[in-house]
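K.L.:
Pasting a structure below so you can have a look.
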Amino acid sequence: MWEKNNLTLERIESNMTELNQMTEKFLETAKFYLENIEALEGQSEIIIRAINYMEEAHAIPPLRGNYQWFDYTLGALTELACPNSRLLNSNLDFLKDIENGIKDYRENSIDEDEL
């Protein structure tokens, strides 16, 4: 689950109940945001791409019971990708910061085979 180097088949089997519960909770959270995105006529693939981004860019922390981190992070990312509200003009500077960060990602990304 979070101890990749010390994992044995026996340890995985003994944690299956907890792993299943965690999977169900994360799936429930992803479905919640998926419903919101679809209601806004967004693409369902946004959820998959957001979770992949979380895994790569944020080096997902050990998630044993840490459902809030997953929920809040996925919520923030899906809001940026598929806004469900409007901002005051005073917040537009932050969007420019995000655009600059995205530009940096685009200019400095690497191919998977370069890893």
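We did not get these values from a lab; they are worked out from the coordinates using the rules stated. Here the structure is a predicted model, which means the values were calculated and not measured. Here the Cβ positions follow ideal geometry from the backbone for every residue, glycine too, while neighbour counts run over all protein chains shown.
K.L.:
Between Ile102 and Ser90, what is the label-point separation in nm under the 7 Å Cα-to-beta-carbon projection?
P.N.:
Simple spin-label model gives 2.5 nm for this pair.
K.L.:
At 18 Å minimum axial length over the Cα atoms and a Kyte-Doolittle cut of 0.0, report the qualifying DSSP H helices in the chain, or say none.
P.N.:
TM-like helix candidates: 67-81.
K.L.:
Estimate the FRET efficiency between Asp113 and Arg49 by the formula 1/(1 + (r/R0)^6), using the beta-carbon distance for r and 25 Å for R0, to the nearest 0.05.
P.N.:
My answer for the efficiency is 0.80.
K.L.:
Right, next: Given the options Gly101, Gly42, Gly65, which has the most mean-square fluctuation in a GNM of the chain, springs set between C-alpha atoms less than 10 angstrom apart?
P.N.:
Looking only at Gly101, Gly42, Gly65, the largest GNM fluctuation is found for Gly101.
K.L.:
Identify which of the listed values of semi-axes √(5λ) of the Cα gyration tensor in Å was calculated from the structure shown: (1) 26, 19, 13; (2) 31, 20, 12; (3) 21, 16, 14.
P.N.:
Correct label is (2).
K.L.:
Quick one: length gained pulling Asn66 to Ala81 fully straight, 0.36 nm per residue minus the C-alpha distance?
P.N.:
Result for the pair: 3.1 nm of gain on full extension.
K.L.:
Cut-off 20 Å, label point 7 angstrom out along Cα-to-Cβ of Glu41: give me the residues of segment 85-105 whose amide nitrogen falls inside.
P.N.:
85-87
K.L.:
Using only DSSP helix segments of four residues or longer, with each worth -39500 (n - 2.57), what per-residue ellipticity at 222 nm results for the chain after dividing by its residue count and rounding to 500? Mind dumping the intermediate values first?
P.N.:
Numbers: 5 runs with 75 residues, N = 115.
After summing the helix terms and dividing by residue count, I get -21500 deg cm²/dmol.
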